[in-house]
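To start, the structure itself, in structure tokens.
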Amino acid sequence: MKLGINLLCLGGHIDDSHMPQLERIADIGYDHVEVPVMHGTPEHYEQLGRRLADLGLGRAQTSIVPDPAANPLSDDPDVRQRGLAHLAWVQDCAEALGSQTVGGPFHAPIGAFTGQGPTEDELARGAEAHRTMAERAARHGYTLALEPLNRFETYFLNTSEQARAYADRVDHPAFGIMYDTFHSHIEEQDQHAAIRHLGGAMRVLHVSENDRGVVGRGQIDFAGILKTVRDTGYDGPIVVEAFGAGVPELAAATRVWRPLFPDVETLFRESHDTIRTLWEAAA
């Protein structure tokens, strides 16, 4: 198991001003970080990747589709082409960063709804786009992990059942699913059954508390979840995800308007120690 932390707890764009916190993450004992890629250039992420490597931290990436005018699911050819160009930029940045995984909801704009669930045409267009991404990822040696979100953030993928069916539709070994305990706390009747159903399609596990705060302080049964995850044979990346007091790139969609943890030191240390301890106990 590689334990990481998603850097959205620090902000939506990571640069040299965050180096003290990144050094602390490395000192505490995290194996890698998940870098939010919302904007910027591949050159910026290449430089950041070198700084993270110097700290001994592996790199992963999380990305979104930020704009309904660049939606890869759209039936409008111009909108869809802008969406595909955005996904290509996501991979440009991932390769510059040296990412081992690219995760997140890079399927549809967060907070944009059509008034119904995904259509067959949308599923087909999404699978085509993600299969193209997976072919490129395989050539460069990294894995995609698409993230279902709760129904208040997207209509496209919400449950493990939908996600597993979609992964089967994409049907590429470099493509899989990111399972997030926060979203599943809302959408699943039984997280253990959801994890077992997802099975080998899981590529990244996001451990995120029900209030998006410090892991272990809320309602989610992480001890039981990690035991179920281990029982499936999963031994891949586990990533702590908590949000700060409003990341501008996500605040409107995620409704994070208040501090969700007392300070980053508490978040880093408590979450690290809790997950390390529970993972070992689940063996």
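So Ile14 passes all but one of these: (1) assigned to a loop (DSSP other than H, G, I, E, B); (2) surrounded by fewer than 22 Cβ atoms within 10 Å (Cβ to Cβ); (3) not aromatic (Phe, Trp, Tyr). Which condition number does it fail?
Evaluating Ile14 over (1) assigned to a loop (DSSP other than H, G, I, E, B); (2) surrounded by fewer than 22 Cβ atoms within 10 Å (Cβ to Cβ); (3) not aromatic (Phe, Trp, Tyr) leaves (2) as the failure.
Could you please tell me which pairs satisfy a Cβ distance under 9 Å, a separation of 6+ or placement on different chains, a first residue in segment 114-128 that is on the phi > 0 side of the Ramachandran plot, and a second residue that is open to solvent by less than 80 Å² (accessible area, probe 1.4 Å)?
Within 9 Å, the pairs are Gly115/Tyr155.
Having 1 or more residues that are open to solvent by less than 10 Å² (accessible area, probe 1.4 Å) and within 19 Å of Gly111 (Cα to Cα) is the bar; report the helices (runs of 4 or more DSSP H) wholly within segment 132-212 that clear it. It would help to see each step written out before you state the result.
Numbers: elements: 160-170, 181-187, 191-198.
Where helices (runs of 4 or more DSSP H) fall fully within segment 132-212 and carry at least 1 residues being open to solvent by less than 10 Å² (accessible area, probe 1.4 Å) and within 19 Å of Gly111 (Cα to Cα), they are 160-170, 181-187.
Search segment 17-31 for residues being of a type in the set (Gly, Ala, Ser) and assigned to a helix (DSSP H, G or I), and hand back the single one that is surrounded by the fewest Cβ atoms within 10 Å (Cβ to Cβ).
Going residue by residue through segment 17-31, those that are of a type in the set (Gly, Ala, Ser) are 17, 26, 29.
Going one step further and asking which of them are assigned to a helix (DSSP H, G or I), we end up with 17, 26.
Numbers: Ser17: 10, Ala26: 17.
Ranking the qualifying residues of segment 17-31, first place goes to Ser17.
Could you list all residues from segment 65-86 that are among the hydrophobic types (A, V, I, L, M, F, W, C) and surrounded by fewer than 23 Cβ atoms within 10 Å (Cβ to Cβ)? Can you show your working first?
Filtering segment 65-86 for residues among the hydrophobic types (A, V, I, L, M, F, W, C) gives 65, 69-70, 73, 79, 84-85.
Ala69, Ala70, Val79, Leu84, Ala85 - these are the residues of segment 65-86 that are among the hydrophobic types (A, V, I, L, M, F, W, C) and surrounded by fewer than 23 Cβ atoms within 10 Å (Cβ to Cβ).
For segment 259-280, what are the residues that are assigned to a helix (DSSP H, G or I), surrounded by 13 or more Cβ atoms within 10 Å (Cβ to Cβ), touching a residue at least 24 places away in the same chain (Cβ under 8 Å) and not basic (Lys, Arg)?
Answer for segment 259-280, where residues must be assigned to a helix (DSSP H, G or I), surrounded by 13 or more Cβ atoms within 10 Å (Cβ to Cβ), touching a residue at least 24 places away in the same chain (Cβ under 8 Å) and not basic (Lys, Arg): Val264, Thr266, Leu267, Phe268, Glu270, Ser271, His272, Thr274, Ile275, Leu278, Trp279.
Scan segment 75-113 residue by residue and report those that are assigned to a loop (DSSP other than H, G, I, E, B) and without any contact (Cβ under 8 Å) to a residue 40 or more places away in the chain. Show your work before the answer.
Step one: list which residues in segment 75-113 are assigned to a loop (DSSP other than H, G, I, E, B), which gives 75-76, 98-100, 105-108, 110-113.
The one that is assigned to a loop (DSSP other than H, G, I, E, B) and without any contact (Cβ under 8 Å) to a residue 40 or more places away in the chain: Asp76.
The values are calculated or read from the model by the stated rules, or taken from the named source; none is laboratory data. Computed from a prediction, not measured in an experiment: that's the story for all the values here. Please note: Cβ atoms are built from the backbone with ideal geometry, for glycine as well, and neighbour counts cover all protein chains shown. SASA here: full protein model, heavy atoms, side chains in, ligands and nucleic acids out. Shrake-Rupley method; radii C 1.70, N 1.55, O 1.52, S 1.80 Å.
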